Amino acid sequence: MNESRPTELHTLHWQMSLLDNLDVGLLVLDSDFNIALWNNFMVNHSGLPSSRVHGQPLFHLFPELDTLWFKRKLNSVLTLHNPAFMTWEERPWLFRFKSYRPITGSARWMYQNITLIPLTSPDGKIRQIGLIIYDVTDEAVSRQALESANQELGKLSRTDHLTGLNNRGYWESCLQQEFDRFVRTQQPTSLILLDIDHFKQVNDTQGHLAGDAVIRQLADIIRQMIRTTDIAGRYGGEEFGILLLNTPAANAEILADRLRYMVETQPIPYEGEQLMVTISLGIAAADNSFTDYQSWLEKADQSLYQAKARGRNQFVTL
């Protein structure tokens, strides 16, 4: 017995040394949420030594913790005797520790995954909870960067490079979705097609760069005058489409005339000159007579054709 005693103490010593120096946070809470174990990871990142936190209430030391939410988690582990897990996607961190990761130095705080483990006492009862805190900052920041890159690629894939508006493919898919929604809900929705009058003359006399300047200016005006719920896109060379959600034809006509007036009266600076252009617009409200979104688009195109046939610089609703 006497010979085994040093061995047991030695074993306990290196076990505690191992736990203390793992590159994860380890802490143990009793049933009153007082701290019973606080390893070096927690010391280094919190700045609080073990001697100061031992026996102290966790929520007094860290008042920024969401007390109600976290206590529900802890009590669930104590009551059900089952582990619980929290990921950084659920909450970026439990403890607001500064991040010192060399790869992801842009992150201000350490992203954390948390495991809560019910700890069995010698009498078989659960009176303590072990917490393991994993630093997953590199993984979290890399994932966010990837998602951001994917979102940017998605945006580029549906954006017209000259105007910054939606490109034809994406805008037309929105038109199809809105037509399907109209069929289901019967909410009034209007479509405006517009293009620049005598645009070929601008290209022929001023050059294609001047034409690009005119197209960009028109796109800017459209962007300024539509609502955030409206969907504008460049449909073809100098042709644009605007989808007006929950909007009857009468309201679409108000916007159309404002656009027409703004374009007519706003000069476009280009290489020391002031270019002036006008637009024609065709309006079509969604209607049950349309068999599909292409029928709707054709009606708006017919309206646009009529606006040009009647002298341009005007809108027509059919």
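Is there a residue in the stretch 3-18 that is at pLDDT 90 or above and either farther than 24 Å from GLY124 by Cβ or exposed (fewer than 14 other Cβ atoms within 10 Å of the Cβ) (or both)?
So far as the stretch 3-18 goes, no, none of its residues is at pLDDT 90 or above and either farther than 24 Å from GLY124 by Cβ or exposed (fewer than 14 other Cβ atoms within 10 Å of the Cβ) (or both).
Could you list, in sequence order, the residues of the stretch 235-262 that are modelled with pLDDT under 95 and of a type in the set (Phe, Trp, Tyr)?
TYR235
Among the residues of the stretch 158-176, which ones are assigned to a loop (DSSP other than H, G, I, E, B) and within 21 Å of the chain's Cα centre (by Cα)?
The answer is ARG158, ASP160, GLY164, LEU165, ASN167.
Considering (1) surrounded by 16 or more Cβ atoms within 10 Å (Cβ to Cβ); (2) within 30 Å of TYR235 (Cβ to Cβ), say which one GLN151 fails and leave the rest.
It is condition (1) that GLN151 fails.
Just to verify a result, which residue in the stretch 104-141, among those that are within 21 Å of the chain's Cα centre (by Cα) and open to solvent by 20 Å² or more (accessible area, probe 1.4 Å), is modelled with the highest pLDDT?
Of everything passing the filter in the stretch 104-141, TYR111 is modelled with the highest pLDDT.
Please give the number of the condition PHE290 fails out of (1) in a loop (DSSP other than H, G, I, E, B); (2) surrounded by fewer than 17 Cβ atoms within 10 Å (Cβ to Cβ).
(2)
Does any residue in the stretch 49-76 that is free of Cβ contacts under 8 Å to residues at least 12 places away in the same chain come within less than 6 Å, Cβ to Cβ, of a residue that is open to solvent by less than 40 Å² (accessible area, probe 1.4 Å) and outside any loop (DSSP other than H, G, I, E, B) six or more places away or on a different chain, and which pairs are these?
Close Cβ pairs (under 6 Å, with a partner that is open to solvent by less than 40 Å² (accessible area, probe 1.4 Å) and outside any loop (DSSP other than H, G, I, E, B)) amount to PRO49/VAL43; THR67/PHE59.
Can you pull out every residue in the stretch 166-211 that is open to solvent by less than 50 Å² (accessible area, probe 1.4 Å), acidic (Asp, Glu) and under 30 Å from GLY311 (Cβ atoms)?
GLU172, ASP195, ASP197
Give me the pairs, please: first residue somewhere in the stretch 34-45 and within 14 Å of LEU119 (Cβ to Cβ), second residue anywhere and among the β-branched types (Val, Ile, Thr) and in a helix (DSSP H, G or I), beta-carbon distance under 7 Å, and either six or more positions apart or on two chains.
These pairs meet every condition: ILE35/VAL53.
Across the stretch 212-239, what is the number of residues that are open to solvent by 30 Å² or more (accessible area, probe 1.4 Å) and assigned to a loop (DSSP other than H, G, I, E, B)?
Qualifying residue count for the region: 6.
Determine the pairs where a residue that is closer than 15 Å to LEU243 by Cα, located within the stretch 299-311, has a partner that is open to solvent by 50 Å² or more (accessible area, probe 1.4 Å) and among the acidic types (Asp, Glu) with Cβ atoms under 9 Å apart, the partner being 6 or more residues away or on another chain.
Hits for this filter: LYS299/ASP287.
Within the stretch 51-93, work out how many residues are among the small types (Gly, Ala, Ser), on the phi < 0 side of the Ramachandran plot and loosely packed, with under 12 Cβ neighbours inside 10 Å.
Total satisfying the criteria: 1.
Looking at the stretch 236-257, which of its residues are under 29 Å from the mean Cα position of the chain (by Cα) and of a type outside the set (Gly, Ala, Ser)?
PHE240, ILE242, LEU243, LEU244, LEU245, ASN246, THR247
Within the stretch 240-262, can you find the residues that are open to solvent by 10 Å² or more (accessible area, probe 1.4 Å) and either farther than 21 Å from THR185 by Cβ or part of a helix (DSSP H, G or I) (or both)?
ALA249, ALA250, ASN251, GLU253, ILE254, LEU255, ASP257, ARG258, ARG260, TYR261, MET262
Here is a list: ARG91, ARG101. Which entry is assigned to a loop (DSSP other than H, G, I, E, B), among the basic types (Lys, Arg) and modelled with pLDDT under 90?
ARG101
Of everything in the stretch 264-286, what is surrounded by 12 or more Cβ atoms within 10 Å (Cβ to Cβ) and either at positive phi or free of Cβ contacts under 8 Å to residues at least 60 places away in the same chain (or both)? Give them in sequence order.
GLU264, GLN266, ILE268, MET276
Looking for something among the small types (Gly, Ala, Ser) and part of a helix (DSSP H, G or I) - is there at least one such residue anywhere in the stretch 199-211?
yes
Inspect the stretch 41-59 for any residue being assigned to a strand (DSSP E or B), in contact with a helix residue (DSSP H, G or I) (Cβ under 7 Å, 6 or more places away or on another chain) and closer than 16 Å to ILE133 by Cα and give the result as yes or no.
Within the stretch 41-59, not a single residue is assigned to a strand (DSSP E or B), in contact with a helix residue (DSSP H, G or I) (Cβ under 7 Å, 6 or more places away or on another chain) and closer than 16 Å to ILE133 by Cα.
The values are calculated or read from the model by the stated rules, or taken from the named source; none is laboratory data. It should be emphasised that the depicted structure is a prediction, and the values quoted were computed from it without experimental measurement. Using ideal geometry, Cβ is built from the backbone for each residue, glycine included, and neighbour counts are taken over all protein chains shown. Remember, those area values only see protein heavy atoms, side chains included, never the ligands or the DNA or RNA. Shrake-Rupley method; radii C 1.70, N 1.55, O 1.52, S 1.80 Å.
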